[in-house]
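Have a look at the structure below before the remarks.
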Amino acid sequence: MDGDKSYQKFYATILNADFKCYFADTAHDAWELLYEYAIEVIIVDENIEKTKGIDFLTQVQKKYPETVRLMIADFQDIKMCMHGNSAGIYQFLYKPFQADNLRLIVGNAAKIFSFQDKGKILPLVFKHDSPKTTTCAIITKKNKQKKYSFDQLVRSDQSPLNNLCDDVKQFSSYDIPVLIYGESGSGKELFARAIHYYSTREEKPLIIENCAAIPDDLLESELFGHVKGAFTGAYSDKKGLLEQAKGGTVFLDEIGDISPAFQVKLLRALQEGVIRKLGGNNYIPIDIRIVAATNKDLKKEIKAGNFREDLFYRLAGVEFKIPPLRERQADILPICMSIIEQGNLLFDKEVTTIDEDASQALENYTWPGNVRELQNEIQKAMILTKTSVITFESLSTKLKEKC
């Protein structure tokens, strides 16, 4: 996270060959990236918009202790460095960077993340008087904490998700396709991520594709890849997502929306275990696990002639249905508090609770947009409130009218 665009370009040039790089100009944007991606290494400038790099990394350490933290610092500011060590900073960087040195430092940081992720060491703890010394302990793999785990799917003790999570977790380690049913915004992607990270393929890529968002020709190019000249604008060969996911998991969201023509192509790929790039002649073997999701009743779609039965059985090794939020009333307030915790970091707020009237309104609403709609509601209420409490008056008109 460096606001200097020239340095962002420098990072991309030096690191993109070995790492996927994301850039953020503000702390808000950085938190969004941390929530969305499993960030291994974060580099932060000592001064960022509306906050200090040290303060931001201290919050990162609390929320994502496994993310290895680097900071760009002023070599002369020794006090800042010592104070910054309380944020668990692995190493301080000083401009101007040498390309080989930066590549080495980030590579070592990624190795530390890998050791943590495999359960070989605990998240790093740094002593105040020893900036370059790590204190770590050997732990067994069973103590490993996963970023996307079933335990981290926010719910209450009475939630209908409890039994569902146990069942899905049991099947996650078996290399069979999974089909997830659920309304939009109900958390299908979170389940897909948890399935991947509890499977034998956890060390391999997880590729996510929303099938409803892309027309057939582009979807074929995305999943299977294309060769140079396959169509106008294909200026070079492209490796498809199914090939990129070699050994890993592919999550196909809204699988019920793909056309009958593309269903045939996908079925052939899954049956034969090979793909052919758009415009190409060579067959490429694939080794993937498919997790698919839909908000449609595929059995009804089969009867209506909209979905192939043979493809359905290729996808539905085991089926699970995520109940909508309106059937999980006890989960609403725990989810709200999780959203508030994230929102306090995103919006630099200090909201601590929801008053009784607002809580009742939130629990009584039907939430047709499920968790995604609830998140929007709580975030807007956090911005509107002038205190540490979300009140009934902070809620939107649609909730008030239901009371």
Quiz item: Is the range 361-368 home to any residue that is at pLDDT 95 or above, touching a strand residue (DSSP E or B) at 6+ places or on another chain (Cβ under 8 Å), under 18 Å from residue 156 (Cα atoms) and hydrophobic (A, V, I, L, M, F, W, C)?
Solution: yes
Quiz item: Can you find a residue in the range 225-232 that is small (Gly, Ala, Ser), within 29 Å of residue 115 (Cβ to Cβ) and buried (at least 21 other Cβ atoms within 10 Å of the Cβ)?
Solution: no
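Does the range 383-401 include one or more residues that are open to solvent by 80 Å² or more (accessible area, probe 1.4 Å), of a type outside the set (Phe, Trp, Tyr) and within 21 Å of residue 34 (Cβ to Cβ)? Spell out how you get there, then give the answer.
Filtering the range 383-401 for residues open to solvent by 80 Å² or more (accessible area, probe 1.4 Å) gives 383-384, 386-387, 393, 397, 401.
Now restrict to residues that are of a type outside the set (Phe, Trp, Tyr): 383-384, 386-387, 393, 397, 401.
Next, from what is left, pick out any that are within 21 Å of residue 34 (Cβ to Cβ): 383.
Yes; the residues of the range 383-401 include at least one that is open to solvent by 80 Å² or more (accessible area, probe 1.4 Å), of a type outside the set (Phe, Trp, Tyr) and within 21 Å of residue 34 (Cβ to Cβ).
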Quiz item: Among the residues of the range 62-77, is there at least one that is outside any helix (DSSP H, G or I), open to solvent by 80 Å² or more (accessible area, probe 1.4 Å) and not β-branched (Val, Ile, Thr)?
Solution: yes
Quiz prompt | Search result, residues across the range 295-354 that are open to solvent by 70 Å² or more (accessible area, probe 1.4 Å) and in a helix (DSSP H, G or I) | solution = 299, 300, 303, 309, 313, 314, 326, 327, 329, 337, 341
Exercise. Give the range 259-276 a look and list any residue that's open to solvent by less than 10 Å² (accessible area, probe 1.4 Å) and among the β-branched types (Val, Ile, Thr), or say none.
Key: 275
Quiz item: Any idea which of (1) surrounded by fewer than 19 Cβ atoms within 10 Å (Cβ to Cβ); (2) modelled with pLDDT of 90 or more; (3) of a type in the set (D, E, K, R) is the one residue 188 doesn't satisfy?
Solution: (1)
Exercise. Pull up the range 355-377, narrow it to residues that are of a type in the set (Ser, Thr, Tyr) and surrounded by 15 or more Cβ atoms within 10 Å (Cβ to Cβ), then point me to the one that is nearest to residue 28 (Cα to Cα).
Key: 359
Quiz item: Within the range 282-292, is even one residue part of a loop (DSSP other than H, G, I, E, B) and without any contact (Cβ under 8 Å) to a residue 24 or more places away in the chain?
Solution: yes
Quiz item: Going through the range 348-368 one residue at a time, which ones are touching a helix residue (DSSP H, G or I) at 6+ places or on another chain (Cβ under 8 Å), in contact (Cβ under 8 Å) with a residue 40 or more places away in the chain and either polar (S, T, N, Q) or closer than 12 Å to residue 381 by Cα (or both)?
Solution: 366
Quiz item: If residue 92 satisfies every condition in (1) open to solvent by less than 40 Å² (accessible area, probe 1.4 Å); (2) at pLDDT 85 or above but one, which is the exception?
Solution: (2)
Quiz item: Do we find that residue 29 is of a type outside the set (Lys, Arg), surrounded by fewer than 18 Cβ atoms within 10 Å (Cβ to Cβ) and either in contact with an Asp or Glu (Cβ under 7 Å, 6 or more places away or on another chain) or modelled with pLDDT of 80 or more (or both) in this structure?
Solution: yes
Quiz item: Within the range 203-224, which residues are in contact with a Lys or Arg (Cβ under 8 Å, 6 or more places away or on another chain) and open to solvent by less than 60 Å² (accessible area, probe 1.4 Å)?
Solution: 205, 206, 220, 221, 224
Quiz item: Considering only residues of the range 12-26 that are modelled with pLDDT of 80 or more and closer than 16 Å to residue 98 by Cα, which is most open to solvent (accessible area, probe 1.4 Å)?
Solution: 13
Self-check item: Some residue of the range 148-161 being in contact with a Pro (Cβ under 8 Å, 6 or more places away or on another chain), outside any loop (DSSP other than H, G, I, E, B) and modelled with pLDDT of 80 or more
Solution: yes
Exercise. Report, ordered by the first and then the second residue, all pairs with beta carbons closer than 7 Å, sequence separation of six or more or different chains, a first member in the range 381-403 that is in contact (Cβ under 8 Å) with a residue 24 or more places away in the chain, and a second member that is aliphatic (A, V, I, L, M) and open to solvent by 80 Å² or more (accessible area, probe 1.4 Å).
Key: 394/384
Exercise. Enumerate the pairs (first residue in the range 259-280 and free of Cβ contacts under 8 Å to residues at least 24 places away in the same chain; second residue anywhere and β-branched (Val, Ile, Thr) and open to solvent by less than 40 Å² (accessible area, probe 1.4 Å)) with beta-carbon separation below 8 Å, excluding pairs fewer than 6 apart on the same chain, so at least 6 apart or on different chains.
Key: 273/286; 274/284; 274/286
Quiz prompt | Filter result for the condition that a residue is more than 22 Å from residue 184 (Cα to Cα) and at pLDDT below 95, over 305, 280, 273 | solution = 280
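The values are calculated or read from the model by the stated rules, or taken from the named source; none is laboratory data. This one's a predicted model, so the numbers in the text were calculated from it and none came from an experiment. Quick reminder, even Gly has a Cβ in these numbers, built from the backbone with ideal geometry, and neighbours come from all protein chains shown. Quick note on the areas: whole protein, heavy atoms, side chains included, nothing else; ligands and nucleic acids left out. Shrake-Rupley method; radii C 1.70, N 1.55, O 1.52, S 1.80 Å.
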